[in-house]
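The values are calculated or read from the model by the stated rules, or taken from the named source; none is laboratory data. Please read all numbers here as calculations on a predicted model, not as lab measurements. Ideal geometry is used to build each Cβ from the backbone, glycine not excepted, and the neighbour counts take in all protein chains shown. Side chains are part of the model used for accessible areas, which takes the heavy atoms of the whole protein and leaves out ligands, DNA and RNA. Shrake-Rupley method; radii C 1.70, N 1.55, O 1.52, S 1.80 Å.
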Amino acid sequence: MTRRGSIRRRVAAGVAALVAATALAVVDPLGPDRQAEAAIDPISGFGGTDSAVTVKWSDGITRSDNQTIATPRQKSGADAFYEDLRARYKDLTVTVSQTEGLTHQGVQVAWTGGAPTDVSFLSGNYLQIMQCYGDAPTGPDPEGCQWGGFGVSSLPEGPGGNKLQDERRGTKCPGFGNGCDPAEPTGPDHDNPSDASQYYVPFIPVDTGEKIYLDDISEGGDPTKPTLGTYFQSQSTNEVPVAATSTDGTGQVSFEVQTGREATGLGCGDRDTEGGGAPRGCWLVIVPRGQLSPDASSQNRQGVSESPLSASNWAQRLQVHLDFLPTSNICPQDTVQRPVIGTELVANMMTSWQPALCQNGGAVYSFTHTADATNAVQLASNLPGSAGLAFTTKPIAFADQGPPLVYAPVAVTGITFAFRIDVRKGSETQQVQRIGVGPELVAKALTQSYRGDLPGGASSGNDFVQPEWMKAVRLTIVDDPRWKALNPEVATLSNAVITLAPMTTADQSAVNQAVWGWIQSEPGTRSWLGGTADAGGMVVNPNYQALKLGDPPPGSSYPRADPTCTHITSGNPAPPADACFTSVDYVPYALNLEDAAVHVQRGNTHGTAGWDPNGLSPEGNAGWWAKPAPRALGQRFSWAITAASVSARYGLPTANLCSSDGAGCVAPSAASLTAAVAAAKADSAGLLRVDPAAPGAGGYPLTQIVYAAVRTNQDPAALRDTAALLDYAAGAGQTSGVEVGQLPPGYLPLPADLRAKTRATAQTLREIAAAGPSPSPSPSGGQTGGGDSDANGGAGVPNGGASPVPASPSAVPSGGTVSQPPAGLAAGSTPDDALGIIRWVLVAALVAGAGGSLGGVLLRHLPPALNRLLRRTRRAN
Amino acid sequence: MTTTSRPGRPRRWLAVACTLVLATGAGVLVRPPAALAYVTINGAGSTWSQNAVDSWRRNVAQFGMTVNYAGTGSSDGRNQFRSGTVDWAASDIPYGIKDGNNLDLPPTQAHPFAYMPVTAGGTTFMYNLKIGNQRVTNLRLSGTTIARIFTGGITMWNDAAIKEDNPGLRSRLPAIRIVPVVRSEGSGSTAQLTQWMVGTQRSIWNAYCAAARRNPCTQTSVYPIVPGRGMVAQAGDLGVAGYVAQPQANGAIGYVQYSYAIQAGFPVVKMLNNGGYYTEPTAGHVAVSLLKARINQNKNDPNVYLTQDLSQVYTNTDPRTYPLSGYSYMILPVSLNAPMTTAKGETLADFGKYALCQGQTQVNALGYSALPINLVQAGFDQLRKIPGAKVGNIVIRSCNNPTFSTDGTNTLAKTDPKPPDCDKKGPTQCATGTAGAKNQETPVNNGTGGPGGGGPGGGNTGGPSTNPSGTPDPGSNPIAQQGACDPDTQDCGQAGGNTGDPNVFGQPVSAEAGLGGGFRIVLMVLAGVLLLALGLGPPLIAQAGARRRQRRSDDFTMPGGPA
């Protein structure tokens, strides 16, 4: 007894140590360990952090400590140029929401005391923001800034078709009346080699010394010369050519901080070998632009005409040092990947989790966001590469019986109405940060019931005929009394020439169904959709009335049901006589939720609405359909139905959801999602769902609870990998933050009771896996040993000896004696589980395991036993 | 009872300990790979491929790759690559197809390039047709009928030609206009469709082309519109699918990549093949069809090398063929002309490899078909030409694509079931739906006493085969034999299909066959040794301990004596 006990104690101690080691391994001691900042709202992603930094223009240029001044504010350029700037920006204060521990993420850059931007001409009075490298504590050189990425061809346009200033070059003085910088060129290396009348601030990619003077290949001719496009271009750059200041002197942009992975030419966060291997810091540079060029000539209503990198402009910059996390871990590529599929709602979460899941020998997963209908097809498929896990917000329906499934909650998130709206105040603008919408307003906007949402209905100059059914004509949603009551500050809109309908996806999905469910949660809205006029006499478009969108069950798509096809008869050449544009042309669909948000961010959610006689048809003939340019600053009105994680990712504000009479407005936030989850009810399959009609007090009605639907008759390796994913979903994956492996903004950390369910499901899967490799698990137990030998660790932790691990009905009890080779161990040793070098690591681990686990015991006890054996052998001889 | 369980306990503890050591050891020893010198790469092009490309881009982020892509259409992708504003492009067709006034010259000098096959799939005809309030989901059409619809030759849904293709719907096809929906901008889908028309429906196409005043009348990526024939043009696959899906679009039919129909929840036309069956482009059917794709192997001419010749796909007599199957390309840079660098080349080659290997396993869920192994290998040859490519990594051995079987054939094609009898040209018609409307049946009147309701029958659920390899063994497994088809002889056995072995799970093939065997032996031996140690160790130890204590007790008499 005693000796057995002593062995057991010793082994138990060893096991405990190993468990600790395993636990450590799971939380990834290699990765950065930083608590998420509490002040950031986990749903919107907005808010400040402990490392937020505020700088004042009048104080001068700060050093890399973001506190002391490297260069006091002083004159550059002509006197009038500096005085103009000082008058406009002496009170400018810029706050950057996070400056430490950065990775590839968005940070909020907000300011007060700016000069209101004149949005009629955009002739100055805005900020230009960029990211630069530079190791000197006094700041970066202009040669180290990612600027000019839009090149010549894709330069954004301002009002009146003026190209916005996004270049690294400008005119040498005298500037022939169009502005110039008397301080340029600062040296021969600022001469533009291809135009003697210009200076050019070359880009020097980090650690190269190479000076690049070409925007892109089209102007060069010699294709072997590197261009800016070699390092960054319009798709990849994070520069902000125009950050407009509202009438009240404030402004805000979400700036995409890039690491060396996204911006190779900057190398931010890369290991700085000269700096002792620490991650390389970088800078956020803000150049305020006034009304005058550095030579004091007027900008002349043509946008700013000198580069922010020119010496006089550069001298007036603000800068904030950015401190990066080490480049995060990545996954091994040459392994089998465990495919998982499902709703786009979890896409950003999976992108964050994937590089963490594969650490410490974990599986590599691939996530493909698929149409909801594909879930059933894939889960039932035996084709190679089919997914055994699908993320869903509702039970998977199979045409026939379907495979056995278990469900585990993995994410709580919300469907959001992301928007980019600003209003005009004279020639200035105010960016709107808060709007509210109710079911009736959204129903109206989704049914082409406003005149401006019918093809061509917003503008003149085409053959649009106002339909008979339109009794009370409202041009746009902004003209609706319901809108005015909720959003008095967005009561008028100038130049509404295109649709103001929200951008939606084209698919059939549970996400869309949830939105219609919310719309149907109000009896008044239901009857409006059924044909009852609102208080002002406005009725639903009869083409939508026919679809009975007010009757349950809620629809799962957003139709463009109005058959109007509008002709354009003007223009030379005019469009072909029988050509016209339809509702789908005019209110186009987005490819997916992310695509919808990207369109909102660009202020462009509308489609074809005109004809451009100067356009070129695909066949190369004159005249083609025109998409109006993105709505100009001060006139932007774009919104889309998307996911909270997507709106947070793109730094877009989201609408509060109100009842149609304006009561009970709820913003998507940690508190409102928590309240909704608490009020969620289980459906027939046991999946919790938030009823938009009863989301609980202060609950966000479009809160979504995403489940992993797991097929249980998979091979053991697949089940174990799935269990590992669920364990992560119930544990480390629920820490809010922007780092790899964390729960990105837009998701509410799972409440404890949901996590417990997920952990239990993981355990069930491991038990099924341990029960044997048979894909159709037998409910009878006893054919093999227990789940002790699980290769993923954690699962096999014994709970004190002989008491059996609680088993689900379908799983094999795992407390039996080991009377034959443990199935789990055998399964874990097949080449299916690990390929390449990992196999041999496994061998090494087996050897090490044998030595490590038995060694202590054997060292104590075996030598005498061996002696005895030897003695006995000798005696026998 | 209790005594029998007691000795087991320490052993179980030890087993646990060993396993934990094993797991932990593996965790500590398998270090994450050092960060590679990946840099951001930018691409643009095909909307046909976009759903797949977007999925790959998202998944390679975990390997440290940043890949940007703008789905602006194949023509724009080729233009951008030609002008050097993107590093790579995706296009459904090669350079050089002339559309009206546009010359699409390959940038052979400024941006030398190579074509790599990247996504395979079917160009489908998504339609919106109702009989009364009942959505039709099982429509079937012959190639000639399709060609006549898209040239304005057939204008009504109750046309005799459509009735003939659909005996089960014959009496009920509505007298409403057909609205053919085509792509408005230059697109690869249009090029695929018109290439097929040129190849198989030449007289119909030539007449239409002439009416559209196109000369020469060839394959085109911009669909010619003849005024007055009721065509509607829409931008992008999304625009075409979006138009067709509208409730007011009853009667519309447009061509889109299969995945767009699935997302929209709409059916697609089952198209008649030369084997006499009406099929839809499932992953398996596309794989079967593409076995007949001929690939231009003239390595000396980069303008045509690896471009596709689908003429034998169109006429393939395998009953599982979907005639409008094809594949799309990635256009890869093979020089260091700006904006390329070797670092970009390394990233692009690894991204391309991911797309060809693991990436192909995801595409079935999106409505594409995994590329056959011969195209993957040909694609590898192209990837190796990218300056900066880590050539040693680009091998099938590390591909980890479970659709490649051990003998180098395409598992999808091998296991693809034959279409059910009711899909055969003849008096009966299946009731089952297609694409995004799979679960919606359409009632059929198969008048001549045939099995009303059709359906693929019960024969396609597959037998409880025990063959674990995923390749049906014709010798020992009669069920598999019945369902499997020989791609060369088109012999698909008897009626009824086989959706494959339910025991088959993705089993990637390792070319290191010897290693696998050796490895297994090593592991078995090790595991055996461990088990032996676990089994024999504790009793031995216990015995040894008892002996030692006894010996001690001989020297020093213990109170109570030995236990």
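Observations, loosely collected:
- A:VAL584 being within 9 Å of chain B (Cβ to nearest Cβ) and not in a loop (DSSP other than H, G, I, E, B): yes
- Spans of strands (runs of 3 or more DSSP E) in the range A:600-710 with at least 3 residues at pLDDT 95 or above and open to solvent by less than 40 Å² (accessible area, probe 1.4 Å): A:637-643
- Taking the range B:173-189 as the range and being in a strand (DSSP E or B) and surrounded by 18 or more Cβ atoms within 10 Å (Cβ to Cβ) as the test, the residues that pass are B:VAL179, B:PRO180, B:VAL181, B:VAL182, B:ARG183.
- For A:HIS321: the one exception among (1) open to solvent by 20 Å² or more (accessible area, probe 1.4 Å); (2) outside any strand (DSSP E or B); (3) not acidic (Asp, Glu): (2)
- Residue list for the range A:85-98, filter: buried (at least 19 other Cβ atoms within 10 Å of the Cβ) and not in a strand (DSSP E or B): A:LEU85, A:ARG88, A:TYR89, A:LEU92, A:SER97, A:GLN98
- Taken over the range A:537-550, the criterion of being away from every other protein chain (no Cβ under 14 Å) and over 13 Å from A:LEU441 (Cα atoms) is satisfied by A:GLY537, A:GLY550.
- Filter result for A:ALA183 (hydrophobic (A, V, I, L, M, F, W, C), closer than 30 Å to A:PHE121 by Cα and away from chain B (no Cβ under 14 Å)): yes
- Among (1) open to solvent by 10 Å² or more (accessible area, probe 1.4 Å); (2) touching a strand residue (DSSP E or B) at 6+ places or on another chain (Cβ under 7 Å); (3) not basic (Lys, Arg), the one test that A:GLY524 misses: (2)
- Subset of the range A:263-296 that is open to solvent by 10 Å² or more (accessible area, probe 1.4 Å) and in contact with a Cys (Cβ under 9 Å, 6 or more places away or on another chain) - its residue that is farthest from the other protein chains (Cβ to nearest Cβ): A:ASP295
- Hits in the range B:98-136 (condition: touching an Asp or Glu at 6+ places or on another chain (Cβ under 8 Å) and either surrounded by fewer than 23 Cβ atoms within 10 Å (Cβ to Cβ) or among the aromatic types (Phe, Trp, Tyr) (or both)): B:LYS98, B:GLY100, B:ASN101, B:ASN102
- Sub-6 Å Cβ pairs linking a first residue in the range A:738-752 that is of a type in the set (Gly, Ala, Ser) to a second residue that is open to solvent by less than 10 Å² (accessible area, probe 1.4 Å), at least 6 apart or interchain, are A:GLY746/A:THR413; A:GLY746/A:ALA644; A:GLY746/A:SER645, ordered by first then second residue.
- Count of residues meeting criterion [more than 20 Å from A:LEU616 (Cβ to Cβ) and either open to solvent by 30 Å² or more (accessible area, probe 1.4 Å) or not assigned by TED's automatic domain parsing to the domain that holds B:THR124 (or both)] in the range B:72-93: 0
- Counting only strands (runs of 3 or more DSSP E) that sit wholly inside the range A:368-451, those with at least 3 residues that are in the same structural domain as A:ALA643 (by TED's automatic domain parsing) and open to solvent by 30 Å² or more (accessible area, probe 1.4 Å) are A:405-425, A:428-432.
- Filter pass, B:ARG140 being charged (D, E, K, R) and open to solvent by 10 Å² or more (accessible area, probe 1.4 Å): no
- Unmet requirement for A:THR259, which otherwise passes all of (1) assigned to a loop (DSSP other than H, G, I, E, B); (2) buried (at least 23 other Cβ atoms within 10 Å of the Cβ); (3) in contact with a Pro (Cβ under 8 Å, 6 or more places away or on another chain): (3)
- Per-region count, the range A:368-398, residues farther than 19 Å from A:GLN704 by Cα and in contact with a helix residue (DSSP H, G or I) (Cβ under 6 Å, 6 or more places away or on another chain): 9
- Qualifying residue in the range A:531-554 (condition: in a loop (DSSP other than H, G, I, E, B), over 36 Å from the mean Cα position of the chain (by Cα) and acidic (Asp, Glu)): yes
- Filter result for B:SER55 (modelled with pLDDT under 90 and either within 9 Å of another protein chain (Cβ to nearest Cβ) or not in a helix (DSSP H, G or I) (or both)): no
- Taken over the range A:486-518, the criterion of being open to solvent by less than 20 Å² (accessible area, probe 1.4 Å) and within 14 Å of chain B (Cβ to nearest Cβ) is satisfied by A:ALA501, A:MET503, A:THR504, A:THR505, A:SER509, A:ALA510, A:VAL511, A:ASN512.
- The residue list B:ARG294, B:ARG320 contains one member that is under 20 Å from the mean Cα position of the chain (by Cα) and more than 21 Å from B:ASN166 (Cα to Cα), which is B:ARG294.
- Picking from residues in the range A:99-150 that are of a type in the set (Val, Ile, Thr) and assigned to a strand (DSSP E or B), the one that is modelled with the lowest pLDDT is A:VAL107.
- Screening the range B:228-344 for helices (runs of 4 or more DSSP H) wholly inside it with 2 or more residues that are in contact (Cβ under 8 Å) with a residue 24 or more places away in the chain and touching a Gly at 6+ places or on another chain (Cβ under 7 Å) returns the ranges B:236-244, B:258-264, B:311-314.
- Filter result for B:LEU412 (at pLDDT 80 or above and either open to solvent by less than 40 Å² (accessible area, probe 1.4 Å) or of a type in the set (D, E, K, R) (or both)): no
- Test set (1) in a loop (DSSP other than H, G, I, E, B); (2) more than 9 Å from every other protein chain (Cβ to nearest Cβ); (3) touching a Ser or Thr at 6+ places or on another chain (Cβ under 7 Å) - A:GLY524 fails condition number: (1)
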